[in-house]
Each structure stands twice: as structure tokens, then as C-alpha cells.
Amino acid sequence: MKLMTCPVNGTRPVSEFVYWGEIRPMPDPDTCSDDEWAAYVFNRNGAPGVKKEWWCHTPSNTWFIAERDTEKDFVLRTYLYGDDR
Amino acid sequence: MNAVLRISPLFDVQAPLARDWTTRERMQVVARFGAGEAARRASAGIGDRSFLHRTGVKGAGAAAWLNAQGIDTPAQPNSFLQLADGTLVARLGLTEYLIEDAPGGTRTAALMAQPPGERVYPVPRFDAALELTGTQIPELLRQTCAFDFSTLAAPALVMTSMVGVGVTALTLDSADGPVVRLWCDGTWGGYLWLTLVEVAGDLGGGAVGVEA
């Protein structure tokens with residue numbers, strides 16, 4: 001059984017969670033180039049590595065961020081949005 | 001004053017199994033499911049408590065507003081307390097509360113008759129509410145949920161997934177031993193109830209009515 005640790009509810013089976021994709025900061029559309037904007041809109045980074053991702057603990061609807069190594073499928077840490085210190 | 005105005009979210013799945021019906025809090029509920037209810041209740045009884053009135057409030061001003069209405073609030077999220085009259089007050093998040101009346105209680109009706117205060121938002125609740133009783137309930141929970149309920153003691157409550165359904169669960173002490181209370185979205189209630197009744201059947205338990 002794969003486990004995920006919710007920052008509020010603790011360690012639970014991953015079946016209680018949904019994955020909502022990598023966090024992708026939006027470039028400023030007023031100042032970025034067309035190439036940068038097109039890359040943000042159309043391109044996704046499929047290369048394995050350590051990524052920040054949105055996850056949600058569905059029974060309590062707790063959204064949080066997981067730093068996950070997608071190559072080794074290993075969760076480095078999880079925290080609530082704004083608690084990244 | 002005893003007219004049926006509400007039906008349980010579990011009505012459709014309970015109707016084929018029900019023997020006698022009654023009315024509680026103006027909801028049509030199953031009084032008895034047939035012979036052997038006392039044994040089922042002592043082993044692994046799955047009871048319907050959806051008839052209890054409940055309501056939710058959320059918002060930054062919710063705790064202060066509830067306190068002003070004479071309702072104490074739990075100090076920690078994911079915890080609950082029981083008022084002297086039996087009313088359950090559960091804190092589901094930083095600023096979200098669930099209030100459930102004891103049988104015959106009028107707290108939630110009084111609450112909803114008040115205009116909500118500033119930054120207080122009513123949350124209508126249409127949960128399916130279950131009550132699990134009996135000596136085989138720990139085994140039932142081990143088979144249906146990944147959460148270790150042996151670590152759950154009042155005043156803590158837990159939000160977890162049981163047979164794939166998101167539930168809020170807590171344990172209460174009673175004269176007959178610990179009682180597990182569950183709330184889930186009403187539209188999932190029938191599936192949850194049927195599945196738990198089937199698993200409980202293997203443990204010598206099953207459905208019990210409100211008059212069991």
C-alpha cells in the first residue's frame with residue numbers, strides 16, 4: 001500500500017488522495033515573450049525529477065503541496081500552501 | 001405534529017429489508033429489520049441516525065457566533081465535544097463546525113432561526129449518519145478502512161475513506177460500550193450502508209432499526 005502524508009490528517013493510504021498536477025508558476029503575460037507564454041500554455045515537463053505537485057486529501061478536502069521525486073516515486077515532504085519555509 | 005416530512009438518504013436500500021417503520025424527528029425510519037436484531041446489535045449493528053437534525057456553519061466568525069448562541073466549540077480542529085444535553089459539536093476544520101442534535105433536541109432549529117452573524121455562513125447538511133455498535137465493530141473497521149481506529153479516542157475525530165467513501169468518524173462511550181458514529185455524503189450513504197451491512201453479516205451482525 002502506498003502512503004501519503006497529509007500535513008493536517010497524517011499518513012494515509014494514497015487511495016484517499018487525488019493528484020492535481022505539477023505546480024507551474026505563470027509567467028507575467030504582459031512582460032514575457034510569446035515563446036515563454038506558449039511554453040507555459042502548451043508544454044508540460046515529463047522529465048523525471050523532484051517536482052512540486054498539488055495533492056488533495058479528499059475526505060477532508062485538504063489541499064497541500066508534495067515535493068515528490070517522480071523518478072524514484074519517493075515523497076520528500078508535504079506542506080500546506082504558504083508553509084514553504 | 002408527527003407527519004413524515006423527510007426520508008432518510010438510506011431509504012431506497014433499507015426499504016426491501018425493513019419490517020416495521022416508524023417516524024423520528026419527522027423522518028420515516030426503520031423501526032425493526034426482523035428477528036435477531038438484539039444479537040446483531042451486540043455483535044456488529046449498523047444503525048441509521050440520519051433522522052437527527054444537524055447543521056453546519058463555517059467562516060471566520062463561526063466560533064464566536066456559536067459561543068454567543070450558548071454552544072461551546074472544540075479548541076482543536078478534527079475534534080468534537082458533547083454538550084450537557086447530548087448535542088454533538090464537531091470541528092471539521094479551522095473554521096468549520098457540524099452541530100448535531102441529540103434525539104428530540106432543538107438546538108439546530110434554534111440556531112437556524114437566528115440570522116447568521118458577520119462572516120458566518122450556514123452549511124446545510126444532508127448527510128447519511130450511521131451508528132456502529134457491538135463487539136465485532138473493530139473487526140468490521142479493520143476490513144473496511146485503512147485507518148487504525150484503535151488510535152481514535154474522544155475528543156478526536158477523523159476524516160478518512162471507508163470502502164471508498166469519504167467519511168467523518170468519531171467514537172462515543174455508551175452504556176453498551178464504544179459506539180462509532182459515521183457521517184458521509186447522503187448520495188453515497190446507500191452504498192456505504194449496504195456494504196457495511198454485508199461485511200457485518202459475516203461477523204454475526206447486520207442492520208438494526210431504531211427500536212432494536
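The values are calculated or read from the model by the stated rules, or taken from the named source; none is laboratory data. Treat the numbers as computed from the prediction; the structure is a model and nothing was measured. Counting neighbours? That spans all protein chains shown, and the Cβs are built from the backbone with ideal geometry, glycine included. Accessible surface is based on the protein model in full, side chains and every heavy atom, while ligands, DNA and RNA are left aside. Shrake-Rupley method; radii C 1.70, N 1.55, O 1.52, S 1.80 Å.
The requirement of being within 14 Å of another protein chain (Cβ to nearest Cβ) and open to solvent by less than 90 Å² (accessible area, probe 1.4 Å) is fulfilled somewhere in region A:18-31, by at least one residue. Per the conditions (1) assigned to a helix (DSSP H, G or I); (2) in the same structural domain as B:E37 (by TED's automatic domain parsing); (3) open to solvent by less than 40 Å² (accessible area, probe 1.4 Å); (4) under 19 Å from B:G56 (Cβ atoms), the sole criterion not satisfied by B:W188 is (3).
Take residues that are within 14 Å of another protein chain (Cβ to nearest Cβ) and tell me which of the strands (runs of 3 or more DSSP E) falling wholly in region B:16-98 contain 1 or more. Can you show your working first?
Values: elements: B:20-24, B:27-32, B:45-48, B:54-58, B:79-82, B:88-91.
Correct list: B:54-58, B:79-82, B:88-91.
For region B:159-176, a residue qualifies if it is touching a Ser or Thr at 6+ places or on another chain (Cβ under 7 Å) and open to solvent by 20 Å² or more (accessible area, probe 1.4 Å), and the qualifying residues are B:S161, B:V163, B:G166, B:D176. Considering B:A156, B:A128, B:A102, B:A109, the condition of being in contact (Cβ under 8 Å) with a residue 40 or more places away in the chain and either basic (K, R) or open to solvent by less than 10 Å² (accessible area, probe 1.4 Å) (or both) is satisfied by B:A128 alone. Checking the structure you have, find out if any residue of region A:51-73 is closer than 19 Å to B:V158 by Cα, within 14 Å of chain B (Cβ to nearest Cβ), open to solvent by 60 Å² or more (accessible area, probe 1.4 Å) and not in a strand (DSSP E or B). Scanning region A:51-73, I find at least one residue that is closer than 19 Å to B:V158 by Cα, within 14 Å of chain B (Cβ to nearest Cβ), open to solvent by 60 Å² or more (accessible area, probe 1.4 Å) and not in a strand (DSSP E or B), so the answer is yes.
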